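Participant: Got a structure for you, questions after.
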Amino acid sequence: MVLWPRLGDAVEHPTLWNWLFVVAVLAGAVTFAIDAVRMWRKHLARGTTAARPLVATDDVPSVDVQSAIAGTKNRISAIKALRERHRGLRLKDAADLVDAALAARSE
């Protein structure tokens, strides 16, 4: 590796070229450290988004469930449409509402 002997040369033979090399190496190391810390913070902050308030299944009108079913081709699309209308609705709750509506429709 060329780096360590060049740093030693800068200390033993303090020429302008050697010191410019040391400054460039230190600037590169500081830039790398700053970028590493930024990426680490970004990685840690990824899971800390503000939580949406949960929507109870009783708060979802049956008209919204029926319109989600009518406006889509299959069950999964209806669940997705229902969750888009009611942002705090959990996946299982939306699936239960759509399944209950489909079961009532088929009877």
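None of the figures in this text is laboratory data; all of them are computed from the coordinates on show. Remember, it's a predicted structure, so these values are computed and weren't measured experimentally. Positions of Cβ are generated from backbone atoms using ideal geometry, with glycine treated the same way; all protein chains shown enter the neighbour counts.
Participant: Taking semi-axes √(5λ) of the Cα gyration tensor in Å straight from the coordinates, which label in (1) 65, 13, 9; (2) 25, 18, 11; (3) 35, 17, 10 is the correct one?
Facilitator: (1)
Participant: Which ³J(HN,Hα) values, rounded to whole Hz and listed in residue order, are derived for the range 53-61 from phi using the Karplus coefficients 6.51, -1.76 and 1.60 in 6.51 cos²θ - 1.76 cosθ + 1.60 with θ = phi - 60°, glycine and proline given as x?
Facilitator: Coupling constants for the range 53-61: x, 6, 9, 6, 5, 5, 7, 8, x Hz.
Participant: For 19, 4, which order do you get if you count the other beta carbons within 10 Å of each Cβ and list the fewest first?
Facilitator: So the ranking, lowest neighbour count to highest, is 4, 19.
Participant: Please state the charge dipole magnitude for the chain, taken about the Cα centre, from unit charges on C-beta atoms (+1 on K and R, -1 on D and E), reported in debye and rounded to the nearest 20. Intermediate results must be reported in sequence, preceding the final value.
Facilitator: On the way: 15 positive and 11 negative charges, 40 e Å.
With only Lys, Arg, Asp and Glu charged at Cβ, the dipole is about 200 debye.
Participant: Follow-up. Could you list the residues of the range 15-32 with an amide nitrogen less than 17 Å from a label point located 7 Å from the Cα of residue 39 in the Cα-to-C-beta direction?
Facilitator: 28-32
Participant: Given C-alpha coordinates of the range 57-106, what is the ratio Rg to Rh with the Kirkwood estimate of Rh? Walk me through the intermediate numbers first.
Facilitator: Numbers: Rg = 9.3 Å, Rh = 10.4 Å.
Dividing the radius of gyration by the Kirkwood radius yields 0.90.
Participant: Sticking with this one: With the cut-off at 1.5 for a/c, could you classify the range 3-45 from its C-alpha gyration tensor as rounded, prolate or oblate? Each step should come with its number before you reach the end.
Facilitator: Numbers: a/c = 6.48, a/b = 3.71, b/c = 1.75.
Prolate, because a/c is 1.5 or more and a/b exceeds b/c.
Participant: Would you mind ranking 93, 35 so that the residue whose beta carbon has the fewest other beta carbons within 10 Å leads the list?
Facilitator: On the way: 93 19, 35 10.
Taking fewest neighbouring Cβ atoms as first place, the list is 35, 93.
Participant: Hey, another quick one. Give the aspartates and glutamates whose C-alpha is closer than 18 Å to that of residue 73, dropping any in the same chain fewer than 8 places away, or say none.
Facilitator: Residue 73 reaches 64, 84, 96, 99.
Participant: Where in the chain are the helices, taken as whole DSSP H runs, whose Cα atoms extend 20 angstrom or more along the long axis and whose Kyte-Doolittle mean reaches at least 0.5?
Facilitator: 16-45
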